[in-house]
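The values are calculated or read from the model by the stated rules, or taken from the named source; none is laboratory data. All figures in this text were calculated on a predicted structure; none of them were measured in a lab. A quick note on method: Cβ atoms are made from the backbone with ideal geometry, for glycine too, and the neighbour counts reach across all protein chains shown. The accessibility values were calculated without ligands, DNA or RNA, using every heavy atom of the protein model including side chains. Shrake-Rupley method; radii C 1.70, N 1.55, O 1.52, S 1.80 Å.
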Amino acid sequence: MPRSVLPLVFALAGLMVVTRALAQPAGPQVPQTIEQKRASALRVTTSEETPRIDGRLDDPVWSGAQPLSDFIQRRPSQGRPSAMRTVARIAVDEHALYVAVEAFDPEPERIVGRLTRRDELGSSDWIFLLVDADLDRVSAFEFFVNPAGVKADGIGANGQDDDIRWDAVWDVATGKTSEGWTAEFRIPLSMLRFSPDQAVWGINVGRIVQRLDEQSWWSPIPNNDPNFVKYLGEVEGFRGLEAPRRLELLPYTLAQVGREPGDQADPFYDASDWKLSGGLDLKYGLTSNLTLDATLNPDFGQVEADPSEVNLSAFETFFEERRPFFVEGADIYRFGLGVGDGDIETLFYSRRIGRAPQGEADDRGGWVEFPDRTSIFGAAKLSGRTAGGWSIGVLDAVTDEESARVLSADGERLTDVVEPRANYSVVRVLRDMRAGATRVGAVVTGTHRQLDGSGLEDLLRSTAYAGGLDLTHRFAGDRWRVSGKLLASRIEGSPEAIVRAQRSSARFFQRPDSGQDVDSMATSMSGWSWVGEIAKESGGPWRAAAFSMVRSPGFEVNDLGFMRETDMIGYGAFAGYRLLQPNRFFRSGGMNVNYSSFDNFDGLLVSHETNVNGNAQLQNFWFVYGGLERDFDNWQTDALRGGPAIREPGEWSGWYGFESDDRRRFQLTLDGNWSAEDDTDGRELSWSLGTEWQASEGTSIRLAPFFETRRDAWQYVTTVEDGTATPRYVFADIRQRTFGLTTRVDYTLTPTLSIQLYAQPFVSAGDYSGFKRVADPTAETPEGRFREFTPEEIALDGDEYRVDEDLDGTADFSFDRPDFNFREFRSNLVARWEYRPGSTIFFVWSQGRDSTAGDPSFRLGDDLGDLFRADAHDVFLVKINGWLNL
């Protein structure tokens, strides 16, 4: 099959034309020089000198501290002086780091300080404080505050997105003056990581002026280099500080009641399900740079529910981790399987821990009470940095055995184990050299299940290991990067469990045209993977990258990772242009072109695509984006769910959208996607409309309706194996329509007291028609690939289709009617009160409703009416925790 690169050539030509328009200057260019600044912190030696954290900045200590001024823009005009004067001062004593910031503004009435929940970085003025206390030039603690006193914190690392899920206990106060606004920070030394002989810390202070969309910094940070930590200013005056003992306890108690409908005849049914429990979180500083986090019997009842979905593919859905213990400090465990770290395929996917039980229970003709999740007995994390420069992350979790209770038809009470007791662990080490320009690392994950006597030996693997080595090296003034990852995996278990792995959707070894054989006697399976990339990622407006990736057929990480497919050999390239200075049309923008091609180990072309895309912020502060993609015809190895590979026609697809000016109280967003398949009438169109109204300084209302309509000319239905030589692979046309409305209401009374509502009604209906079977998967045309059943050959009998291909009056095979109409409602109402620093009370009400119908007609009003007439499942809980610093 020819692999035409002509579309790539045209895309590159288009990129050149568009970048000429993007690059039109608006005026004289600013020299891109970066001056790393230096300063001294004032040492406070007596308690009388310690500043009060009240935002007034009238303490004598501030008059003696060195002023840090002359802030430089990072956005929109890199290198230009900030339009607003900002002055910061730094002091330190044996307990805490203190920073005072004066943010001058000639129009103080236009300062924006919106009241939101903690860590909600909404559209507002902000002051940023970055602290790299061990001066590793790789990562920094981040502390943010807006004029309303809303706090946010996180961890930032070179080349990675900020992790705002890290929470520390610290103080800040703000104030407004006739000349602008002020912020006064107190960061306890126990929240930072440093050694007593570290005289110089990396510190930077930044500011956002919302109405100008301006971001400026005391020590300038270029907007064309993702490695921002190395630009922090050097502040001296910290030698001899003793890292304090760090022992934090966070015990919790929880009271919960669930009310749900059920069958009164069910002996396990209880209309009111009460629960009273408790647990403990612990944080202990083993050394000045190593911290142990542990949790016993954790509960995550306040966490937002997952969005609804209907998944008709062969692969599972990825859901974002939201549980606090697993999201805080998760960056160190990040080890993507593909190019970059943004890929959802990863070696460590924490949602495997505490997942829904994987086994099944036999009701023996009676009743079953099935657990909805696996209990986590406890988990611990060790993280930090050694004196030798190694960053370490160790996580270990133990989940309990889960059993379903059964009352058989003859009255016998039994239990069926549906999830075994298991141990999950991951170890990650990183070594930074050359101030973070070179990084080497390794990761190992392990899963151990106690399967003996559980009855799950044929379903689950007993052990699973995966590991990898990675290298990142930046050169040519950090403008270029070369990186690589080498991974390996091994799973062990019974022959039946290993056969399940071989026949899973990730590899389908049972394919009749596969070069891999199903080994029914194997008790283990191993595999490997490689990813390599070279990229130009800073220095000037142009970006480029090329990569190669190989994943062997036996590679398997899904016991503790997330991977959809293996068996691939591929390469790709990327070129892009970024606008570094505003011009007469745009404040910022960029264009990219991408190309990739993948074979499998049998030499079949399984993916071949190119796209061109771009984005820009207009001078009116609106943001627009879009892209066009061409997928060339290739072979699908998973479409027949274990059958032979089948030709997949090429398709055109695209995406587009805009976001209105987010400085306004009302913001509108639109996101759309479309696709059109060659040679068939397969089409897809989806859009999502978002509205956000800042009703008051503390009230935000967001409505995001979304709609998708898709028509697939060859949707998989079932495989019929009736003893004939060749299984029948049944497909159909499907028309699926989906609607949902995501609603979020945030009501913040104070920075420590807020109420948040999340609600989403969801309706999806799928109407199947034009049933057909695969005739010749290698045929060039759809008519040759499929044979459609005639009206005389197929008939619906109740909820079952019967097919009589030879028209002898006797059905040759049958299958269940696949039509569906699925409706679901999920909601969480959470009131959160931080009644003292680090200590919180949660009041939570969660409600769920669901209903299904065999009628695939999509009638939105009727469907929503039926959904809200369905019985509700309600959970009410109160959770109280108290932070203790010992």
Single residue of region 511-558 satisfying the filter (under 24 Å from the mean Cα position of the chain (by Cα), modelled with pLDDT of 95 or more and not in a strand (DSSP E or B)) that is surrounded by the most Cβ atoms within 10 Å (Cβ to Cβ): Val557
Given the condition open to solvent by 30 Å² or more (accessible area, probe 1.4 Å) and not in a strand (DSSP E or B), answer yes or no: does some residue in region 825-834 qualify? no
Go through region 363-381 and report how many residues are more than 29 Å from Gly493 (Cβ to Cβ) and buried (at least 17 other Cβ atoms within 10 Å of the Cβ). 2
Which residues, counting only those in region 862-886, are aromatic (Phe, Trp, Tyr) and assigned to a helix (DSSP H, G or I)? Phe868
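Which of the residues belonging to region 348-362 are open to solvent by 40 Å² or more (accessible area, probe 1.4 Å), in a loop (DSSP other than H, G, I, E, B) and closer than 20 Å to Ala464 by Cα?
Arg355, Ala356, Gln358, listed by residue number.
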Can you give me the number of residues within region 716-744 that are modelled with pLDDT of 95 or more, open to solvent by 40 Å² or more (accessible area, probe 1.4 Å) and either aliphatic (A, V, I, L, M) or in contact with a Cys (Cβ under 6 Å, 6 or more places away or on another chain) (or both)? 1
Pick from region 592-614, criterion among the aliphatic types (A, V, I, L, M) and open to solvent by 30 Å² or more (accessible area, probe 1.4 Å), ranking: nearest to the chain's Cα centre (by Cα): Val612
Among (1) crowded, with 20+ Cβ neighbours inside 10 Å; (2) part of a strand (DSSP E or B), where does Ala173 come up short? (1)
Scanning region 37-70 residue by residue, those open to solvent by 90 Å² or more (accessible area, probe 1.4 Å), in contact with a helix residue (DSSP H, G or I) (Cβ under 8 Å, 6 or more places away or on another chain) and of a type in the set (S, T, N, Q) turn out to be none
Six or more apart or on different chains, Cβ under 9 Å: which pairs go from a residue in region 264-276 that's at negative phi and without any contact (Cβ under 8 Å) to a residue 60 or more places away in the chain to one that's open to solvent by 60 Å² or more (accessible area, probe 1.4 Å) and of a type in the set (Lys, Arg)? Could you list them? Ala271/Arg259; Ser272/Arg259; Asp273/Arg259
If I ask for residues that are among the aromatic types (Phe, Trp, Tyr), free of Cβ contacts under 8 Å to residues at least 60 places away in the same chain and not in a loop (DSSP other than H, G, I, E, B), which ones from region 746-795 would you list? Tyr747, Phe771
Please go through region 446-466 and pick out each residue that is closer than 21 Å to Ser504 by Cα and either out of contact with any Asp or Glu (no Cβ under 7 Å at 6 or more places or on another chain) or open to solvent by 40 Å² or more (accessible area, probe 1.4 Å) (or both). Gly446, His448, Arg449, Gly455, Leu456, Glu457, Asp458, Leu459, Leu460, Tyr465, Ala466
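Please find, among Leu280, Leu276, Leu312, the residue that is of a type in the set (A, V, I, L, M), farther than 30 Å from Arg431 by Cβ and over 27 Å from the mean Cα position of the chain (by Cα).
Leu276
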Taking region 562-582 and keeping residues in contact (Cβ under 8 Å) with a residue 60 or more places away in the chain and β-branched (Val, Ile, Thr) leaves Thr566
Within region 264-273, can one find any residue that is among the hydrophobic types (A, V, I, L, M, F, W, C), closer than 30 Å to Leu884 by Cβ and open to solvent by 30 Å² or more (accessible area, probe 1.4 Å)? no
Among (1) surrounded by 18 or more Cβ atoms within 10 Å (Cβ to Cβ); (2) in contact with a Ser or Thr (Cβ under 6 Å, 6 or more places away or on another chain); (3) of a type in the set (Val, Ile, Thr), there is one condition Thr415 misses while meeting the rest; what is its number? (1)
Any idea how many residues of region 221-238 are open to solvent by 10 Å² or more (accessible area, probe 1.4 Å) and either outside any loop (DSSP other than H, G, I, E, B) or at pLDDT 90 or above (or both)? 6
Within the bounds of region 812-819, is there any residue that is over 44 Å from the mean Cα position of the chain (by Cα) and open to solvent by 20 Å² or more (accessible area, probe 1.4 Å)? yes
Could you say which residue among Ala488, Ala404, Ala476 is in contact with an Asp or Glu (Cβ under 9 Å, 6 or more places away or on another chain) and either crowded, with 21+ Cβ neighbours inside 10 Å or not polar (S, T, N, Q) (or both)? Ala404
Condition broken by Arg434, with the remaining ones in (1) touching a helix residue (DSSP H, G or I) at 6+ places or on another chain (Cβ under 7 Å); (2) open to solvent by 70 Å² or more (accessible area, probe 1.4 Å) satisfied: (1)
